[in-house]
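The values are calculated or read from the model by the stated rules, or taken from the named source; none is laboratory data. Bear in mind that the values here come from a model prediction, so they are computed numbers and not experimental data. Reconstructed Cβ throughout: ideal geometry from the backbone, glycine too, with neighbour counts over all protein chains shown.
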């Protein structure tokens, strides 16, 4: 009974605050699946089953100006495991810290190689690394991430740290202090999924962020609430322009979406209409000097 109650409690926690759940047998099956994924993930980190893909970001002329790094996992037993199926499990355990270190190290190594292959007049300016809330709140986060990026052969400004509004739910003053320490070292932040949390507007003017990414839910609502969506996006663009913050729109999948946001003057766009996530070699072939690629092969 206690084990069942514990299982129901964890399910309730997943739903957010002030929720409750009654135990049912499916929860036990799901709990066992989570244990299997956690165990396999622990081994995957050590056995290099994980890999990184990069989704390009384009400017309004369609040129690739940046890329977001995305973790992927292919397990011999579980097959291709979607990030949404294992990131949450990693977050609930200390695995997220080990996973985050692996991601940061591998992206930095790749960024160094890519930067050396870029043409002198390339418009490609950065690769972003997603930072988890658990990773950010660690007492040694600033020192650890600075040390890793400093060791990269690319300049610090070539790597951006991407975080969601969940990071802001902790201690906002400590959050700002950490970000400012990194900003001094030319390590800048992107605020991801903007518009999905209640804290955005109240803290946005205080955060030393360089760019925000408007959540893809605005694209999802493009047809059902077209007038409202357009009004909100316009308001966000006006506000961020006044604050000196660039904007990227996520989830662009249709020509009319691209045309609309291009007309509104966004800094960049990201989505399947332009490019799906790709292997690092494919990204390099898109943005690098061909001669340098041949020489480094």
Exercise for review: Could you tell me whether any residue of segment 146-159 is assigned by TED's automatic domain parsing to the domain that holds residue 54, in a loop (DSSP other than H, G, I, E, B) and within 21 Å of residue 215 (Cα to Cα)?
Suggested key: no
Check your understanding: On the given criteria, is residue 131 buried (at least 20 other Cβ atoms within 10 Å of the Cβ), closer than 24 Å to residue 286 by Cβ and at pLDDT 90 or above?
Key -> no
Practice item. Take residue 235 and decide whether it is assigned by TED's automatic domain parsing to the domain that holds residue 127 and more than 23 Å from the chain's Cα centre (by Cα). Key: yes
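Being at pLDDT 95 or above and either assigned by TED's automatic domain parsing to the domain that holds residue 106 or surrounded by fewer than 15 Cβ atoms within 10 Å (Cβ to Cβ) (or both): is that true of residue 166 here?
Working: at pLDDT 95 or above: no; either assigned by TED's automatic domain parsing to the domain that holds residue 106 or surrounded by fewer than 15 Cβ atoms within 10 Å (Cβ to Cβ) (or both): yes.
It is false that residue 166 is at pLDDT 95 or above and either assigned by TED's automatic domain parsing to the domain that holds residue 106 or surrounded by fewer than 15 Cβ atoms within 10 Å (Cβ to Cβ) (or both).
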Practice item. Mind listing whichever residues of segment 62-84 are under 17 Å from the mean Cα position of the chain (by Cα), more than 26 Å from residue 141 (Cβ to Cβ) and touching a residue at least 12 places away in the same chain (Cβ under 8 Å)? Key: 65
Review point. When you go through 78, 105 one by one, which is the residue that is surrounded by 15 or more Cβ atoms within 10 Å (Cβ to Cβ) and touching a helix residue (DSSP H, G or I) at 6+ places or on another chain (Cβ under 9 Å)?
Key: 78
Exercise for review: Return only the number of the condition from (1) out of contact with any helix residue (DSSP H, G or I) (no Cβ under 6 Å at 6 or more places or on another chain); (2) surrounded by fewer than 14 Cβ atoms within 10 Å (Cβ to Cβ); (3) at pLDDT below 70 that residue 19 does not satisfy.
Suggested key: (1)
Practice item. Could you pull out every one of the strands (runs of 3 or more DSSP E) wholly within segment 34-93 that has 1 or more residues that are within 21 Å of residue 192 (Cβ to Cβ) and assigned by TED's automatic domain parsing to the domain that holds residue 109? Key: 50-58, 64-75
